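The values are calculated or read from the model by the stated rules, or taken from the named source; none is laboratory data. Keep in mind the model is a prediction, meaning the values are calculated, not measured. Heads up, the Cβs are rebuilt from the backbone with ideal geometry, glycines too, and the neighbour counts pull from every protein chain shown.
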Amino acid sequence: MLVTRTAYRDTMAKDIPLTHGDDALPNHVFNALAVPPTASLGKIGGSIQVIEKRPVDGPITLLTAGASRVPTDTGEKVELAVEVVEGQQGAAMTALRIVCDDMAANRRVPPVGAPWRNDQPFVKDTAISAIMVTPSRWGADFDEVVAGDRIVVGRVATLRMLTDAEAAYAGAHGWDALVEAAGSIDAFLDVTRESAVVASVDPESDGDRLAQVPVFLTMFHAQYPPRWLTFTGRDFRSVTGWESPEYMADASNHEVWSVATFRARFPWTDRFMRVAKPGQTAQFTGVTGDYVLEDD
């Protein structure tokens, strides 16, 4: 049975703690799209409100009011939006919950234009297994939140629920190219759809999709090469083997690189990174590129 609005249930183990702040982003959400909210769909993590809007010239849109108060290491502030067709609000709630959970657990905002790919669909009885943040159909007036002095103080991140083939295509060619290939931005509204594009089998294109995927690594990489490299479907995570549990628990011992920077510094990892599937970990035996694959 498809996840629907009435089937949604908040399954987070504990409330998401929020910081105190001004109301610029929540107010922006409530005033957006020139229509008032038609429904309140409850709270994610016990603290992030979700509202539903039905704009005159657009699809049903679910928005968070409070995600911008989730603390992040960079200080960035975002609210989230998802577009769906009637009856699929539960699927949108699932996508919002996944991203809110990641924001709270990892103290980061979702990257724009870099698909987060899962190895299994996260909406029951569908092929939807990826989430990608893209610009909205409404432009900067919706996407950017400005203060009274016209300074941008945050943004609204529109989440697209994609199949794995769509995510691979978007990662390789970009969101605009995916929309062009599908024929319309509305092709991505119905989560019960078949994939709008065929998966790319070109290794070079599949490698290019990694351009905006982040690599989380420890400071020990300044001294030692990667020993274990994991692809989560959303990002790569690298450790050298010298890290203790106490070291890993200290956020100051971690940094984020681009894939290009990581591969330039450790070129032998390229062979695994190009073919990695979500959940796979490569254990490198040296600096030759040879590795043993460990499936989580």
Legend entry - Complete set of residues in the stretch 262-296 that are in contact with a Gly (Cβ under 6 Å, 6 or more places away or on another chain), in a loop (DSSP other than H, G, I, E, B) and surrounded by fewer than 18 Cβ atoms within 10 Å (Cβ to Cβ): ASP296
Legend entry - Selected residue [modelled with pLDDT under 95 and on the phi > 0 side of the Ramachandran plot] from GLY139, GLY148, GLY66: GLY66
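Hey, any hits in the stretch 113-128 for a residue that's of a type in the set (Val, Ile, Thr), surrounded by fewer than 17 Cβ atoms within 10 Å (Cβ to Cβ) and assigned to a strand (DSSP E or B)?
Of the residues in the stretch 113-128, the ones of a type in the set (Val, Ile, Thr) are 123, 126, 128.
This time we only want the ones that are surrounded by fewer than 17 Cβ atoms within 10 Å (Cβ to Cβ), so: none.
No, the stretch 113-128 contains no residue that is of a type in the set (Val, Ile, Thr), surrounded by fewer than 17 Cβ atoms within 10 Å (Cβ to Cβ) and assigned to a strand (DSSP E or B).
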Legend entry - Residue list for the stretch 140-187, restricted to those being in a helix (DSSP H, G or I), touching a strand residue (DSSP E or B) at 6+ places or on another chain (Cβ under 8 Å), of a type in the set (Asp, Glu) and surrounded by fewer than 23 Cβ atoms within 10 Å (Cβ to Cβ): ASP143, ASP164
Inset, instruction - May I ask you to list pairs of residues, at least six apart or on different chains, whose Cβ atoms are under 8 Å apart, with the first in the stretch 237-261 being in the same structural domain as ALA222 (by TED's automatic domain parsing) and in a helix (DSSP H, G or I) and the second being basic (Lys, Arg) and surrounded by 12 or more Cβ atoms within 10 Å (Cβ to Cβ)? - result: ALA251/ARG107
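Which residues, taken from the stretch 78-96, are crowded, with 20+ Cβ neighbours inside 10 Å and not β-branched (Val, Ile, Thr)?
Of the stretch 78-96, the ones crowded, with 20+ Cβ neighbours inside 10 Å are 78-84, 88-96.
GLU79, LEU80, ALA81, GLU83, GLN88, GLN89, GLY90, ALA91, ALA92, MET93, ALA95, LEU96 - these are the residues of the stretch 78-96 that are crowded, with 20+ Cβ neighbours inside 10 Å and not β-branched (Val, Ile, Thr).
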Legend entry - Output for the stretch 27-52, where each listed residue is part of a helix (DSSP H, G or I) and closer than 19 Å to ALA95 by Cβ: VAL29, ALA32, LEU33
Legend entry - Filter result (touching a Leu at 6+ places or on another chain (Cβ under 6 Å), over 28 Å from ARG107 (Cβ atoms) and not in a loop (DSSP other than H, G, I, E, B)) within the stretch 53-83: LYS53
Inset, instruction - Kindly provide the set of residues from the stretch 174-196 that are under 18 Å from the mean Cα position of the chain (by Cα) and at pLDDT below 90, ordered by number. - result: GLY174
Inset, instruction - Please indicate, with yes or no, whether at least one residue in the stretch 127-136 is at positive phi and not polar (S, T, N, Q). - result: no
